[in-house]
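Below: the structure, in structure tokens.
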Amino acid sequence: MHDGMPLSPRAVVDAGLCIGCGACAAYPGSGEVDMELDRYGLYKPAGSAAWLSTPSAEFSRLCPFSPAASSEEELASSRFPQALHDDPLLGRYEALYVGHVEEGRYRQDGSSGGLATWLATELLRVREVDRVVHVVETREPEGTLFRYTISDDESDVRSGAKSRYYPVELSGVLRRIRAEPGRYAVVGIPCMVKTVQLVCQRDEIVRERVRYCIGLVCGHMKSTRFTESFARQSDVKRDAICGVDYRVKRPERPASWYRVGFRLRGGGERQRDWWHMLEGDWGAGFFQSPACDFCDDVMAELADACVGDAWQEPYSSDGRGTNIAVVRSRRIMKLLQDAAEAGRISLTGVDSKFAVSTQAAAFRHRREGLAYRLKKFPPPLALKKRVADISSLSPRRRAIYRLRRHISRWSHRVFCFSQLAHLGFVYVVWARTAASLYAGVTYSRGAPGKIADRIFRGTRA
Ligand SMILES: Cc1cc2nc3c(=O)[nH]c(=O)nc-3n(C[C@H](O)[C@H](O)[C@H](O)COP(=O)(O)OP(=O)(O)OC[C@H]3O[C@@H](n4cnc5c(N)ncnc54)[C@H](O)[C@@H]3O)c2cc1C
Ligand code: SF4
Ligand code: SF4
């Protein structure tokens with residue numbers, strides 16, 4: 001609902017607030033609604049014109065970006081009412097750790113310390129759940145590269161390890177959870193965990209079956225074009241790709257030096273460092289989903305446990321990968337503590353200041369930056385978000401937030417145009433200019449940096 005009026009899916013899509021979760025498509029009564037990639041490579045619901053345009057109170061309470069849906073804070077207070085701590089950035093929690101998996105190959109095979117996959121398999125092993133909802137490679141020569149699936153076998157869950165900076169949606173697995181009895185654990189980024197919790201709120205069957213959610217810390221989501229552009233720059237064609245590893249592990253290098261690897265259908269692999277890519281600076285926001293501009297949940301506040309990368313020394317220099325973990329459920333905390341005592345995983349308790357510092361850039365962008373965007377680029381639907389005071393925001397930081405927004409918006413359009421017009425160089429020239437402008441304003445790099453330093457009188461970003 002918006003101003004007391006129910007919303008339609010089209011209202012959310014047109015407001016640029018659809019994250020493509022798939023909840024509306026899978027909801028009973030929605031009929032034959034699919035989730036399809038739009039021209040920018042982002043998922044959107046694709047139902048009949050009548051379905052898309054029909055406002056409904058049910059949809060208004062189900063969609064994670066609808067102003068009428070319960071907020072993260074409301075949902076968290078009913079999920080974790082007795083949590084020991086309630087932090088404005090981390091959410092409700094029992095304990096905070098840095099750590100990694102010691103046993104097996106979880107750490108080598110994971111993007112970070114391997115705890116996300118380990119937790120999912122541990123829940124299966126101790127029979128807390130029968131099935132895990134997670135993301136795997138499709139391995140098809142065309143179509144999407146990744147999708148959500150459901151696995152009931154530990155090795156299948158392990159084969160889904162690694163972060164995919166690629167859109168996925170939940171409609172298929174939500175339908176299956178409803179149709180196939182069992183106890184489920186769902187792995188997902190914060191907005192997908194919120195979606196699952198909103199579905200649970202309204203659907204008794206799903207509520208009874210989804211026993212745990214394992215969250216991933218989230219900076220933002222990329223469209224499929226991000227991977228397409230990386231592939232092009234690596235001289236790899238879509239039909240030659242049988243798998244993508246966005247973060248090839250090199251234990252001898254700092255964890256933050258990302259390297260992408262394309263596994264090729266005929267055998268072999270092509271690898272390149274992210275810093276050689278036009279879009280290699282994550283913070284510049286190339287191909288970011290527009291909805292992410294209005295998200296305030298970094299740490300999956302509704303998940304039983306949330307894991308991310310410990311981007312803080314000495315961990316960020318350790319190429320083997322180290323997790324930050326926010327534990328919200330007591331059962332998960334007991335599983336982790338027992339495993340740590342048995343030497344199966346390694347955990348060190350940290351305080352909230354340290355945990356926040358591992359995601360300092362994401363929190364700045366999603367509190368201070370969010371306040372700025374809500375003020376300067378308010379979406380058509382009035383959102384209630386948790387924001388920081390920006391009364392003393394420096395002109396340089398304002399410029400950074402503006403640049404990021406323009407890069408994320410225009411990367412979709414320019415890439416789309418250059419593809420349709422068969423003028424690939426248009427995107428390359430535009431992206432190179434945008435990236436160097438961003439590096440100049442943000443890090444004082446190169447000639448744009450000198451100009452930015454002069455304009456902003458030497459103030460640092
Ligand atoms: C889009 C995105 C943005 C992220 N942004 C940040 C960030 O800003 N800061 C940070 O610290 N961490 C971020 N992460 C999380 C980080 O990349 C690692 O996933 C996390 O540290 C867990 O590492 P791990 O080794 O424990 O997980 P792994 O053992 O590698 O397991 C990863 C699990 O995540 C699932 N998964 C992979 N991709 C997706 C996806 N797109 N959607 C849902 N589930 C998926 C896999 O199926 C697997 O179960 C992000 C992840 C994603 C997908
Ligand atoms: S965010 Fe999810 S529920 Fe909302 S319109 Fe998009 S797909 Fe549907
Ligand atoms: S930033 Fe928020 S909305 Fe965007 S993908 Fe991450 S959790 Fe979802």
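The values are calculated or read from the model by the stated rules, or taken from the named source; none is laboratory data. Nothing here was measured: the structure is a model prediction, and the numbers come from that model. Positions of Cβ are generated from backbone atoms using ideal geometry, with glycine treated the same way; all protein chains shown enter the neighbour counts.
Considering only region 27-39, state which residues are touching a helix residue (DSSP H, G or I) at 6+ places or on another chain (Cβ under 7 Å) and away from ligand 1 (no atom under 16 Å from the Cβ).
So in region 27-39, the residues touching a helix residue (DSSP H, G or I) at 6+ places or on another chain (Cβ under 7 Å) come out as 27, 30-31, 33-35, 37, 39.
If the condition is that a residue be touching a helix residue (DSSP H, G or I) at 6+ places or on another chain (Cβ under 7 Å) and away from ligand 1 (no atom under 16 Å from the Cβ), then 27, 30, 31, 33, 34, 39 are the ones that fit.
Can you tell me which residue among 293, 338, 304 is charged (D, E, K, R) and closer than 21 Å to residue 102 by Cβ?
Checking each option against the conditions leaves just 338.
For region 332-353, state whether one or more residues are among the basic types (Lys, Arg), surrounded by 17 or more Cβ atoms within 10 Å (Cβ to Cβ) and modelled with pLDDT of 95 or more.
no
Output the residue which, of all residues in region 136-182 that are β-branched (Val, Ile, Thr) and more than 12 Å from ligand 1 (Cβ to nearest atom), is farthest from residue 285 (Cα to Cα).
So, considering only residues that are β-branched (Val, Ile, Thr) and more than 12 Å from ligand 1 (Cβ to nearest atom), the one farthest from residue 285 (Cα to Cα) is 177.
For residue 259, only one of the following conditions fails: (1) in contact with a Gly (Cβ under 7 Å, 6 or more places away or on another chain); (2) outside the structural domain of residue 160 (by TED's automatic domain parsing). What is its number?
It fails just one condition, (1).
Enumerate the pairs (first residue in region 285-300 and more than 17 Å from residue 363 (Cβ to Cβ) and within 8 Å of ligand 3 (Cβ to nearest atom); second residue anywhere and part of a helix (DSSP H, G or I) and not hydrophobic (A, V, I, L, M, F, W, C)) with beta-carbon separation below 9 Å, excluding pairs fewer than 6 apart on the same chain, so at least 6 apart or on different chains.
Sorted first by the residue in region 285-300, then by its partner, the pairs are 289/408.
Kindly list the number of the only condition in (1) touching a residue at least 60 places away in the same chain (Cβ under 8 Å); (2) outside any loop (DSSP other than H, G, I, E, B); (3) in the same structural domain as residue 297 (by TED's automatic domain parsing) that fails for residue 25.
Among (1) touching a residue at least 60 places away in the same chain (Cβ under 8 Å); (2) outside any loop (DSSP other than H, G, I, E, B); (3) in the same structural domain as residue 297 (by TED's automatic domain parsing), residue 25 violates only (3).
Check off (1) of a type in the set (Asp, Glu); (2) near ligand 1 (Cβ under 10 Å from one of its atoms); (3) out of contact with any helix residue (DSSP H, G or I) (no Cβ under 8 Å at 6 or more places or on another chain) for residue 109 and give me the number that stays unchecked.
Of (1) of a type in the set (Asp, Glu); (2) near ligand 1 (Cβ under 10 Å from one of its atoms); (3) out of contact with any helix residue (DSSP H, G or I) (no Cβ under 8 Å at 6 or more places or on another chain), only one is false for residue 109: (3).
If the requirement is being away from ligand 1 (no atom under 16 Å from the Cβ), surrounded by 19 or more Cβ atoms within 10 Å (Cβ to Cβ) and within 19 Å of residue 197 (Cα to Cα), which of these qualifies: 7, 62?
From the options 7, 62, the qualifying one is 62.
Just to be sure, is residue 87 under 22 Å from the mean Cα position of the chain (by Cα), farther than 19 Å from residue 19 by Cβ and either of a type in the set (Gly, Ala, Ser) or more than 16 Å from ligand 1 (Cβ to nearest atom) (or both)? So that I can check it myself, show each step before the final result.
On the way: under 22 Å from the mean Cα position of the chain (by Cα): yes; farther than 19 Å from residue 19 by Cβ: yes; either of a type in the set (Gly, Ala, Ser) or more than 16 Å from ligand 1 (Cβ to nearest atom) (or both): yes.
Criteria met by residue 87.
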